[in-house]
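Q: Can you keep this structure in mind? I'll have questions shortly.
Coordinate-derived values only; no laboratory data. These numbers were taken from a predicted model, which means no experiment stands behind them. Cβ sites come from the backbone with ideal geometry, for glycine too, and all protein chains shown count toward neighbours.
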Amino acid sequence: MAKGKASGAAAATCACGAAERVGPGGRAVAVDAAATEANLKRLRRIEGQVRGLQKMVEEGRYCADVLTQIASVHEALRAVGRELMRNHLKHCATTAIRAGGEEADRMYDELLELMYRQVR
């Protein structure tokens, strides 16, 4: 995300300006309510899986079983990431790229960085 200052407070926005941060929080715009709810549901499920992992470790469960569950959590997080990326491409990236110029260039850089982080 590009970083800058707005009204004396820290601000971070997508290259398209679709997300705004004033202080420590932030709000994205153009996010489908159904997608948000689905992502929250997935994240709550993941939270439960992580608590289950903690319990497995506390109980001294077989390492291969713990590692299998860790792989499940990784895949669940990747699924949330894919949905967030889809929304970002559908709304933020499309808007910025259609605008052209520096805005489009910033978005291309942002997308490259996001993809690089996802494949590491």
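Q: Kindly indicate the residue of segment 99-120 that is of a type in the set (Lys, Arg) and surrounded by fewer than 14 Cβ atoms within 10 Å (Cβ to Cβ) and also farthest from Val57 (Cα to Cα) among those meeting that condition.
A: Of the residues in segment 99-120, the ones of a type in the set (Lys, Arg) are 106, 117, 120.
Of the ones still in play, those that are also surrounded by fewer than 14 Cβ atoms within 10 Å (Cβ to Cβ) are 117, 120.
Numbers: Arg117: 28, Arg120: 26 Å.
Within segment 99-120, the match that is farthest from Val57 (Cα to Cα) is Arg117.
Q: Within segment 60-77, can you find the residues that are closer than 22 Å to Asn39 by Cα and free of Cβ contacts under 8 Å to residues at least 24 places away in the same chain? Give the derivation first.
A: Residues of segment 60-77 that are closer than 22 Å to Asn39 by Cα, as a first pass: 69-77.
Gln69, Ile70, Ala71, Ser72, His74, Glu75 - these are the residues of segment 60-77 that are closer than 22 Å to Asn39 by Cα and free of Cβ contacts under 8 Å to residues at least 24 places away in the same chain.
Q: Cβ-Cβ distance below 8 Å, separation of 6 or more or different chains: which pairs start in segment 31-59 with a residue that is more than 19 Å from Ala79 (Cβ to Cβ) and end on one that is assigned to a helix (DSSP H, G or I)?
A: Met56/Asp65; Met56/Val66; Met56/Gln69; Val57/Val66
Q: Next question, about the same structure. Within the group Ala96, Ala79, Ala34, which residue is loosely packed, with under 10 Cβ neighbours inside 10 Å and among the hydrophobic types (A, V, I, L, M, F, W, C)?
A: Numbers: Ala96 fails: loosely packed, with under 10 Cβ neighbours inside 10 Å; Ala79 fails: loosely packed, with under 10 Cβ neighbours inside 10 Å.
That would be Ala34, the only listed residue that is loosely packed, with under 10 Cβ neighbours inside 10 Å and among the hydrophobic types (A, V, I, L, M, F, W, C).
Q: Could you name every one of the helices (runs of 4 or more DSSP H) located completely within segment 25-120 that has at least 1 residues being among the acidic types (Asp, Glu)?
A: On the way: elements: 33-58, 63-87, 94-99, 101-119.
Here the list reads 33-58, 63-87, 101-119.
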